[in-house]
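Remarks on the structure that follows.
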Amino acid sequence: MQAPVIAPSILSADFARLGEEVDNVLSSGADWVHFDVMDNHYVPNLTIGPLVCEALRSHGVTAPIDVHLMVSPVDRLIGDFVEAGASCITFHPEATEHVDRSLQLVRDAGLMSGLVFNPATPLHLLDHVMDKVDIILLMSVNPGFGGQAFIPHTLDKLRAVRQRIDQSGHAIRLEVDGGVKVDNIGQIAAAGADTFVAGSAIFNARSKDDANGYDSVISQFKESIASAG
Ligand code: DX5
Ligand code: ZN
């Protein structure tokens, strides 16, 4: 298993102060920045694109930016996000015509590539691409919105993917996204995840009275992951 990564989803950040928000979660111990791209077509919501990714890089963000594409089609945006400074690009296999080609586009640009599985998406789509993914991302909610409840069946699916990864012999990250909180992250880690996206759990910890809200959630996450291992 690889070292755990905490990836705050900026979907729940204060967009009017995005640069500062990202600086704050990173200085509070976050490892990656999770960047949710929604197109009002593949998912019923509309968010941010390559210009915002580029703006974070110009602002001085050097941490990995983990771009989660919830868009269809996929391929044209891959090039735009490569240019914009993304580090990882994950996409939903049912949103692209040619999964192998899209993965290859990401890898050829030198970025980490990944496939994302919705709660009802079967895992057999991994069968012929285990050597072409750096990340397998399991959605533990239906994509489109922050703040939804974790779907418990994801734990079984995580265990199944963990087995596939271990059997493959490849260094593939197992990422989970949706409803990750302080009270369930230990179970999620025990089921085999090593990369944890959390939006509302982290950004809702911000309050006027608690300047250290982010530190405290992120350190509780890390403690629970360590004791699950
Ligand atoms: C949902 C997004 C998630 C979302 C997670 O489609 O992919 O990254 O921001 O938010 P929480 O952690 O609030 O469930
Ligand atoms: Zn996401």
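Of note:
- Considering the conditions (1) over 12 Å from Val67 (Cα atoms); (2) under 18 Å from the mean Cα position of the chain (by Cα), Ala84 is excluded by exactly one of them, (1).
- Selection from the range 1-35 of residues that are open to solvent by 10 Å² or more (accessible area, probe 1.4 Å), of a type in the set (Asp, Glu) and touching a residue at least 24 places away in the same chain (Cβ under 8 Å): Asp14, Asp23, Asp31
- Residues of the range 76-113 satisfying the condition of being surrounded by 21 or more Cβ atoms within 10 Å (Cβ to Cβ), touching a Lys or Arg at 6+ places or on another chain (Cβ under 7 Å) and either in a helix (DSSP H, G or I) or modelled with pLDDT under 95 (or both): Leu103
- Number of the exception - Asp156 against (1) assigned to a strand (DSSP E or B); (2) of a type in the set (D, E, K, R); (3) surrounded by fewer than 16 Cβ atoms within 10 Å (Cβ to Cβ): (1)
- Flag for Ser58 being open to solvent by less than 30 Å² (accessible area, probe 1.4 Å), more than 16 Å from ligand 1 (Cβ to nearest atom) and either farther than 19 Å from Ile202 by Cβ or at pLDDT below 95 (or both): no
- Top-ranked residue of the range 177-196 - restricted to ones that are more than 13 Å from ligand 1 (Cβ to nearest atom) and touching a Leu at 6+ places or on another chain (Cβ under 8 Å), ranked as most open to solvent (accessible area, probe 1.4 Å): Gln187
- Residue check for Val25: in contact with a Pro (Cβ under 7 Å, 6 or more places away or on another chain) and over 28 Å from Ala3 (Cβ atoms): no
- Boolean, Ser72 is open to solvent by 30 Å² or more (accessible area, probe 1.4 Å) and touching a strand residue (DSSP E or B) at 6+ places or on another chain (Cβ under 6 Å): no
- Considering the range 197-209, and only residues there that are in contact (Cβ under 8 Å) with a residue 40 or more places away in the chain and out of contact with any His (no Cβ under 8 Å at 6 or more places or on another chain), the residue that is most open to solvent (accessible area, probe 1.4 Å) turns out to be Asn204.
- The range 81-94 residues that are at positive phi, paired with ones that are in a loop (DSSP other than H, G, I, E, B) (beta carbon under 9 Å, 6 or more apart): Gly85/Val61
- Qualifying residue in the range 161-172 (condition: more than 12 Å from ligand 1 (Cβ to nearest atom), assigned to a helix (DSSP H, G or I), buried (at least 16 other Cβ atoms within 10 Å of the Cβ) and aliphatic (A, V, I, L, M)): yes
- Only a single item in (1) within 14 Å of ligand 2 (Cβ to nearest atom); (2) in contact with a Leu (Cβ under 8 Å, 6 or more places away or on another chain) is not met by Gln148, and it is number (2).
The values are calculated or read from the model by the stated rules, or taken from the named source; none is laboratory data. Just so we're clear, the structure is a prediction, and the values are computed from it rather than from any experiment. Note that each Cβ is placed from the backbone with ideal geometry, even for glycine, and that neighbours are counted across all protein chains shown. Surface areas here come from the heavy atoms of the whole protein model, side chains and all, with no ligands, DNA or RNA. Shrake-Rupley method; radii C 1.70, N 1.55, O 1.52, S 1.80 Å.
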